[in-house]
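The values are calculated or read from the model by the stated rules, or taken from the named source; none is laboratory data. Predicted model, so just to flag it, every value in this text is computed and none were measured. Here the Cβ is made from the backbone with ideal geometry for all residues, glycine too, and neighbour counts use every protein chain on show. Accessible surface is based on the protein model in full, side chains and every heavy atom, while ligands, DNA and RNA are left aside. Shrake-Rupley method; radii C 1.70, N 1.55, O 1.52, S 1.80 Å.
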Amino acid sequence: MTVSYRPTPSPQEPEPQRSDVQQTQSSVARPQSEVAVNAQPLPSSIRRKVVGKPPMTPPVGIAGNGQVGNNEEAKRYYSQYNTASPAALNSATTPTQRSAPFIQSILPQNAQEVQSAGARSVSDSRVQKEQVGDASGWSNSLLRDVSIQATTRQGAVPQEIENSNIILYRRPNFFLRTAYRPGQKQNPLRKPTGNTTIIPKVMLHQETRIAGSDTHLMPNVTLNTTKQTRAIPLPTWLEAIIVVLSLAATFVLHAYNMFNFPRYELDEGTYMSNAWAITQGLISPYPYGYGHPPLAWMQIAAWMQLTGGPFTFGNALNSGRVFMLFYAVGSALLVYLIVRRWSGSRSAALLALIIFSLSPLSVTFQRQIYLDNVATFWLLLSLYFLAASNSRLLLIVLAAISFGVSVLSKEIMLLFLPVMLYAAWLHTTKFQRKFSIVSFVYIVIAVCSAFVLMAVLKDELFPYTWHLPWDTHVHLSLLDTFVGQAQRSQFNGSFITSWAAWLSLDQIFIVCSIAAPLFNLVYGLLSRWRLLLYMLLSLPPFRFFNRAFRQKLKSRDSEREPDRHLLISLLAISFWILLIRGGQVLSFYIIPLIPLIAVNVAIAFNTILGWMGKVVRFDAVRAFLLLIVLVALIPYNVKAMGGIFYQHPTSAQQQALVWIRTHVPHNSFIVINSYMYLDLRVPGGQGVGDGAPYPHAEVYWNVAGDPELHQQALDNNPDRIDYIVADSEMLHDIQTVGGDMGIINDALQKSVLRAEFRADDQKLQIVLQVWQVIHKMPPPNVYTVPATGSG
């Protein structure tokens, strides 16, 4: 049994007039041996639903034969359909003749007639497909399956009729039947009129609208295949060797005499004792006051655990300084990579690395255990991720995480957030700029919110003076602490004093720290003159200019290649504004500025020397001039370092620890500076040795500020203090701060000097004294150690 397609007139419609061409095609498509099994026509609604798109391949032969039949009439008719133009097909039929084919079963007389009927039915259906327009895709597959199944059958099987419905297709779990009912009246609105238009698959002007949309198009990237012939070729392996040798020199320079210079500071001892407290399950050995986020000394605590404790390299502060050495080398590498990315010059990147590593400011402060060194490393890592991102979301996410870690290491790094957003804006394409910046901000807030969450969980976010309903006792406050830090006066450190200290260490660096950012700022603004003009015309006096003209200026400026001069200058200038704002400024506050100045100086020199290189039109001139600057810089820095490599100011502090271990009873209440805390309180410290620790050795700021110490342990009685170990800065604080510090000052007035230790510290001397409080009678003598000179 086979299936052929034949248009059948509807009993409700008049027979249309046909042209001669149509009559000829109808006679060709209807074989003489065709015998209708069921000649009852289907309604037009059913006929429209079974119209399908015939297969694109020619009809197959009999019983699975994959070759095209030998019927020449079918071949000719099939090729005629394929070669006919749409105009010819449309002109061959009038709209009133678009009726669905009638499905009927016939008994083929021979295989050739079956094949010919199949070919004619396929071509006839394709012609009618062009007449009626688009049809359902699933009906095409259905008609092919019916044709194949009917062709493979050996005998004629009558069509199956169930409840006056013809079964068109049947499977074991599925069948398709008509919806025809005898005597059913056809809805005139459902009759094909021939005037139906096909809705276009693409909306009008949709292509133009999508092309004009910025959010649906990837950026048009033009590959630069021009070979750079004037640049100096440098193999990657040679560059790697130069960088490794430079980093090795940085390591040696920072490590030499690191345990002896500079002297141990109060903050170093505080952060090391906090790191040791982390290993004991605490945030701080004393009540935590939210002065700084704890993530930096958590990293130091991890270093302690990896190296076997706080005394692996001698005393506790020596162990922390070794850890700072790795941060210094890592920061030097990041400075090289950042300048290498932003300037495209290896010589400029090498110059930035040398400026950063060899500056006396860097060698002095980056040895010490400061939170600024930890936070600066993570800030540079965030900048490098942005510089290398090329709008890749993974690196932007890593940059945001690194910046969040930097803020949690030292809260002052939050100052760079606006400039970091500008950096993220520069290093992302216009297509994904909004998403990248939103992601960057969200991740930074999510990481930094951990510090706020800790205060919320402890009910210490808001001040107790607000008397909130859940506040039942006096407690610390995160907001109060930050407000207090922002309002600190210049009593303990001023900008003028720190400026003098910076000039004494490296005058050229300080001068360049002002000149280079200003040069890059002017260059960056002038390179974006359209943006400046747009900002000027946006001011109220110039609003009469056409808005479209101003937007055109802005759009043209955004199409330019982004310049990095403005970015690096804003990084340095924003931190300079923080330093000169007033308030307390200590000398080590310049640490985050050191790598930023090195980047600014290197890129500024590279730009200026690049102008000279354009005159002679050879890149080797610029590289040669940079190397001259580099060679001249190294001897100057080595000479400016002065006593960094041979002075030993820490020797006085170490000798005081040894004297305490020998002469002071272990049950004594000792008021000390924080850099002695671990070496006196933890077994194995330099002030303990193989003996018992000193459980009552307390830091002087905590003795004055912690009620548990001066009210409970001392009972506000200065006579309970046994020893005071103080340097010049500690004595200054005890005598001038006042308030609760008065209990130590009273004990100091009733004490006698037992030992004194001196050592050279740059142009000054460090003096460390051990005072014993007199309870009944004074000690017989005073132990004094003469000045040791260089230690």
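Using per-residue counts of other Cβ atoms within 10 Å, averaged over each peptide, order 330-336, 755-761, 306-312, 488-494 from highest down. Spell out each step's value before the answer.
Numbers: 330-336: 24.3, 755-761: 21.7, 306-312: 15.3, 488-494: 13.6.
So the order, starting with the most tightly packed, is 330-336, 755-761, 306-312, 488-494.
Take the alpha-carbon positions of region 616-748, form their convex hull, and give its projected area averaged over all directions (one quarter of the hull surface) in nm². List each step's numbers first, then the result.
Numbers: hull surface 54.3 nm².
Across all orientations, region 616-748 yields a mean hull projection of 13.6 nm².
What is the percent carbon and sulfur in the accessible area of region 388-521, measuring with a 1.4 Å probe over the protein chains and ignoring ligands? Intermediate results must be reported in sequence, preceding the final value.
Working: 5110 of 7010 Å².
In region 388-521, the share of accessible area belonging to carbon and sulfur is 73 percent.
Let's test this: bin the Cα-Cα distances of region 405-456 at 10 Å from zero up to the farthest pair and state each bin's percent.
In order of increasing distance, the bins hold 23, 48, 23, 5 percent.
Skip the ligands, DNA and RNA, and give the accessible area per residue of region 386-465 with a 1.4 Å probe, whole Å².
Values: 3590 Å² over 80 residues.
Spelled out: the 1.4 Å probe surface of region 386-465, per residue, equals 45 Å².
Would you please state the base-10 log of I(q)/I(0) at q = 0.19, 0.23, 0.27 1/Å for region 262-324, with intensities from the Debye formula using one equal scatterer on every alpha carbon?
-0.64, -0.92, -1.22
Over all alpha-carbon pairs of region 249-382, lay out the pair-distance distribution in 10 Å bins, whole %, shortest bin first.
12, 40, 31, 13, 3, 0
Give me the distance in nm between label points sitting 7 Å out from Cα along the Cα-to-Cβ direction at Thr472 and Leu415, one decimal.
The modelled label-to-label distance comes out at 4.2 nm.
Quick one: accessible area per residue over region 635-785, 1.4 Å probe, rounded to a whole number of Å²? Walk me through the numbers on the way to the answer.
Numbers: 6720 Å² over 151 residues.
Each residue of region 635-785 exposes 45 Å² on average to a 1.4 Å probe.
Per-residue HN-Hα couplings for region 364-376, Karplus 6.51 cos²θ - 1.76 cosθ + 1.60 at θ = phi - 60°, whole Hz, x for Gly and Pro?
Per residue, the Karplus-derived 3J(HN,Hα) values read 6, 7, 7, 7, 7, 8, 10, 5, 5, 5, 5, 5, 5 Hz.
Looking at the P(r) of region 360-463, how many percent of alpha-carbon pairs lie beyond 16 Å? Don't skip to the answer; put the middle values down first.
Working: 3174 of 5356 pairs.
Pairs farther apart than 16 Å: 59 percent.
Please report Rg over Rh for region 334-376, where both radii come from the alpha carbon positions and Rh follows the Kirkwood definition. Provide the component values of the computation, followed by the final result.
Working: Rg = 11.8 Å, Rh = 11.1 Å.
My calculation of the ratio gives 1.06.
What is the Rg over Rh value, at two decimals, for region 428-491, using alpha-carbon atoms and the Kirkwood definition of Rh?
Working: Rg = 17.6 Å, Rh = 14.5 Å.
Radius of gyration relative to Kirkwood radius: 1.21.
Beyond 12 Å, what share of the Cα-Cα pairs of region 675-728 remains, rounded to the nearest whole percent?
Details: 956 of 1431 pairs.
Beyond 12 Å sits 67 percent of the P(r) for region 675-728.
When only Cα pairs under 8 Å and 6 or more residues apart are kept, what is the percent relative contact order across region 253-316?
Numbers: 32 pairs, mean separation 18.2, N = 64.
Over region 253-316, the number comes to 28 percent.
Give the shape of region 376-530 as rounded, prolate or oblate, defined through the alpha-carbon gyration tensor: a ≥ b ≥ c are the square roots of its eigenvalues, a/c under 1.5 means rounded, and otherwise the shape is prolate if a/b is larger than b/c and oblate if not. Kindly include the intermediate steps, with their values, before the conclusion.
Numbers: a/c = 2.59, a/b = 1.23, b/c = 2.10.
In terms of gyration-tensor shape, oblate.
Rounded to whole Hz and in sequence order, give me ³J(HN,Hα) for region 762-773 from the Karplus expression 6.51 cos²θ - 1.76 cosθ + 1.60, θ = phi - 60°, writing x for Gly and Pro.
Result, rounded to whole Hz: 6, 8, 10, 10, 8, 10, 10, 10, 10, 10, 10, 6.
So how far, in whole Å, is the C-alpha centre of region 673-738 from the one of region 357-403?
Cα centres, region 673-738 to region 357-403: 36 Å.
At Asp719 and Ser391, where each label point lies 7 Å from the Cα along Cα→Cβ, what is the point-to-point distance in nanometres?
7.9
Report the extension gain between Arg581 and Tyr256 in nm, rounded to one decimal, defined as 0.36 nm multiplied by the number of residues separating them, less their alpha carbon distance. Mind showing how you got there, number by number?
Working: separation 325, 0.36 × 325 = 117.00 nm, distance 3.57 nm.
Residue separation times 0.36 nm, minus the Cα-Cα distance, leaves 113.4 nm.
Pulled fully out, how much extra length does the chain show between Leu764 and Val244, if you take 0.36 nm times their separation in residues and subtract their Cα-Cα distance? Write out the running numbers ahead of the final one.
On the way: separation 520, 0.36 × 520 = 187.20 nm, distance 3.68 nm.
Length gained between Leu764 and Val244: 183.5 nm.
What distance in nm separates the two pseudo spin-label positions at Phe491 and Leu453, each 7 Å out from Cα along the beta-carbon direction?
Modelled inter-label distance: 3.7 nm.
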